[in-house]
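Down below is the structure, laid out as structure tokens.
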Amino acid sequence: MTTDTVELDRRLQECVLRGTASVVRARYAVNAPMLDMWADALGDPNPVYRDAGAAAATGRAGIVAPPTMVQAWTMPRLSALAATLPQVPGYAPYLGGQAANDGPSATDRADGKGADNPAAAVHRLLTAHGYAARAATRCRQEYHREAAVGDHLTCESVLTTVSARKQTALGAGYFVTTRMTFRNGDEADVATVDWTVLCFRTPEDRPAAAPAAAADPPPPTPASGRTCRPLAAAPRVGDRTPVTTIPITPTFVIATAFATGDFYAAHHDADWTRGSLRRPGIFTNILATTGLVGGVVTDWGGPATRLLEVDLRLLAPNHTGDTLTLDGEVTAVHDGETTLRVTGTNALGPHTRATVRAHIPT
């Protein structure tokens with residue numbers, strides 16, 4: 001380990017010890033147009049996200065937001081990224097010239113001083129030391145209550161851990177984990193999210209990826225074949241969900257990224273992704289995978305299903321031109337709570353392994 005690496009590790013752990021929380025209020029209250037866009041992009045047929053009558057039939061007071069959508073409400077707008085991640089490739093090309101005077105000075109950005117919170121300081125430090133690429137690797141969402149139309153959410157973020165430097169298949173880097181607590185206007189907890197991102201250095205000797213082979217474009221939407229109907233019988237260990245097949249089209253990748261509020265170039269700019277990340281093209285984000293994994297369970301369990309937790313890890317990426325296949329198996333049933341193991345695979349191998357807990361009335 002070099003002296004420079006030792007010093008960087010020390011400063012990263014100083015940021016963790018600060019433990020300062022930052023609070024962000026969503027720009028908009030939970031609203032029907034954003035719910036509709038999210039459901040359209042993911043092809044989610046659950047009527048409780050769109051139809052007040054269908055929601056009332058399940059005992060809800062009105063339309064509710066998909067629990068897996070919780071992070072979308074407080075994702076930073078594109079212009080706000082200029083003040084927090086101006087040096088990170090994948091954001092900077094889309095921010096224009098407005099970033100220069102909006103945030104901390106260039107010196108502060110490089111050494112982490114003057115950062116608005118420890119998590120931002122960590123990302124600036126890592127970027128300044130060459131760990132500029134980003135890949136979300138794990139998302140654990142625990143749901144305490146459903147957000148309804150009209151709820152105005154806030155998100156409190158606390159930097160919890162930064163790993164030692166690791167060698168990964170993508171390159172050398174650091175795993176940064178943040179805990180986010182989402183609350184509604186009554187200050188009641190809606191969800192807790194543990195979010196891990198790998199900040200890595202793309203190997204310099206790895207050539208830019210070639211474009212994927214051209215193919216006839218598939219239909220632009222993945223929604224065909226998905227249904228959401230009540231179960232005929234109570235869940236039992238060993239029960240399996242129907243197989244969900246999602247064509248990974250450019251439309252799907254871009255639509256789901258924007259519906260989840262994610263402007264990272266790896267999810268919409270194929271040229272940048274091939275050159276900067278050495279990948280063959282754009283790929284889905286972790287929030288899309290989280291929504292699809294939750295959808296496997298709600299499609300199978302029906303509209304009355306209440307998700308309690310989705311805990312997933314990302315493995316092989318979903319590049320355009322591929323097909324994602326998802327299915328689940330019940331591993332436990334206890335006191336009205338059903339636990340399923342959900343797996344997703346594509347041509348590269350396992351894409352995600354997840355555990356989902358839910359109440360599934362029958």
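The values are calculated or read from the model by the stated rules, or taken from the named source; none is laboratory data. As the structure is a computational prediction, the values presented were derived from the model and not from experiment. Note that we place each Cβ from the backbone using ideal geometry, even for glycine, and neighbour counts take in every protein chain shown. To get the accessible areas, we keep the full protein, side chains included, count just its heavy atoms, and leave off ligands, DNA and RNA. Shrake-Rupley method; radii C 1.70, N 1.55, O 1.52, S 1.80 Å.
Is there a residue being modelled with pLDDT of 90 or more and either crowded, with 21+ Cβ neighbours inside 10 Å or at positive phi (or both) anywhere in segment 73-93? If you could, list the steps in order and put the result at the bottom.
Taking segment 73-93 first, the residues modelled with pLDDT of 90 or more are 73-74.
Within this subset, residues satisfying the condition of being either crowded, with 21+ Cβ neighbours inside 10 Å or at positive phi (or both) are 73.
Scanning segment 73-93, I find at least one residue that is modelled with pLDDT of 90 or more and either crowded, with 21+ Cβ neighbours inside 10 Å or at positive phi (or both), so the answer is yes.
Kindly indicate whether any position in segment 143-150 is among the hydrophobic types (A, V, I, L, M, F, W, C), open to solvent by less than 50 Å² (accessible area, probe 1.4 Å) and at pLDDT below 95. Give the derivation first.
Let us first name the residues in segment 143-150 that are among the hydrophobic types (A, V, I, L, M, F, W, C), namely 147-149.
Applying the additional criterion that residues be open to solvent by less than 50 Å² (accessible area, probe 1.4 Å) yields 147-148.
Cutting the leftovers down to at pLDDT below 95 gives us none.
No - not one qualifying residue is present in segment 143-150.
Let me spell it out: the conditions are (1) farther than 18 Å from residue 66 by Cα; (2) open to solvent by 50 Å² or more (accessible area, probe 1.4 Å), and residue 361 meets all of them except one. Which number is the exception?
Here residue 361 meets the rest and fails (1).
Pairs only if they're at least six apart or on different chains, beta carbon under 7 angstrom, first in segment 30-44 and more than 13 Å from residue 151 (Cα to Cα) and free of Cβ contacts under 8 Å to residues at least 12 places away in the same chain, second open to solvent by 40 Å² or more (accessible area, probe 1.4 Å) and in a helix (DSSP H, G or I); list them, first residue then second.
From segment 30-44, no pairs qualify.
Go through segment 163-207 and give me each residue that's aliphatic (A, V, I, L, M), part of a strand (DSSP E or B) and closer than 21 Å to residue 75 by Cα.
Residues of segment 163-207 aliphatic (A, V, I, L, M): 164, 169-170, 172, 176, 180, 188, 190-191, 193, 197-198.
Subset that is part of a strand (DSSP E or B): 172, 176, 180, 190-191, 193, 197-198.
Of everything in segment 163-207, those that are aliphatic (A, V, I, L, M), part of a strand (DSSP E or B) and closer than 21 Å to residue 75 by Cα turn out to be 176, 180, 190, 191, 193, 197, 198.
What strands (runs of 3 or more DSSP E), lying completely within segment 239-346, carry at least 3 residues that are of a type in the set (D, E, K, R) and surrounded by fewer than 24 Cβ atoms within 10 Å (Cβ to Cβ)? Write out each step before concluding.
Details: elements: 244-247, 306-314, 323-334, 337-346.
The strands (runs of 3 or more DSSP E) meeting that bar are 306-314.
Keeping to segment 347-358, report how many residues are open to solvent by 10 Å² or more (accessible area, probe 1.4 Å) and not in a loop (DSSP other than H, G, I, E, B). So that I can check it myself, show each step before the final result.
The initial filter retains those residues of segment 347-358 that are open to solvent by 10 Å² or more (accessible area, probe 1.4 Å), namely 347-350, 353, 355, 357.
Keeping just the survivors that are not in a loop (DSSP other than H, G, I, E, B) gives 349-350, 353, 355, 357.
Qualifying residue count, segment 347-358: 5.
Considering only segment 251-272, how many residues are without any contact (Cβ under 8 Å) to a residue 40 or more places away in the chain and closer than 27 Å to residue 34 by Cβ? Working first, answer last.
Our first condition is that a residue be without any contact (Cβ under 8 Å) to a residue 40 or more places away in the chain; within segment 251-272, this holds for 251, 254, 257, 267-268, 271.
If we keep only those that are closer than 27 Å to residue 34 by Cβ as well, we get 251, 254, 257, 267-268.
The qualifying residues number 5.
Six or more apart or on different chains, Cβ atoms under 8 Å: show the pairs whose first residue is in segment 173-195 and in contact (Cβ under 8 Å) with a residue 12 or more places away in the chain and of a type in the set (Gly, Ala, Ser) and whose second is in a strand (DSSP E or B) and open to solvent by 50 Å² or more (accessible area, probe 1.4 Å).
Pairs found: 173/166; 173/201; 191/142.
For segment 202-236, which positions are at pLDDT 90 or above and under 24 Å from the mean Cα position of the chain (by Cα)? Let's see the steps before the verdict.
The first filter runs over segment 202-236 and keeps only residues at pLDDT 90 or above, leaving 227-236.
The answer is 227, 228.
Identify all residues within segment 1-28 that are small (Gly, Ala, Ser) and modelled with pLDDT under 90; write none if there are none.
Taking segment 1-28 first, the residues small (Gly, Ala, Ser) are 19, 21-22, 26.
If the condition is that a residue be small (Gly, Ala, Ser) and modelled with pLDDT under 90, then 19, 21, 22 are the ones that fit.
Please specify each residue of segment 16-69 satisfying the condition of being open to solvent by 50 Å² or more (accessible area, probe 1.4 Å) and assigned to a strand (DSSP E or B).
23, 24, 25
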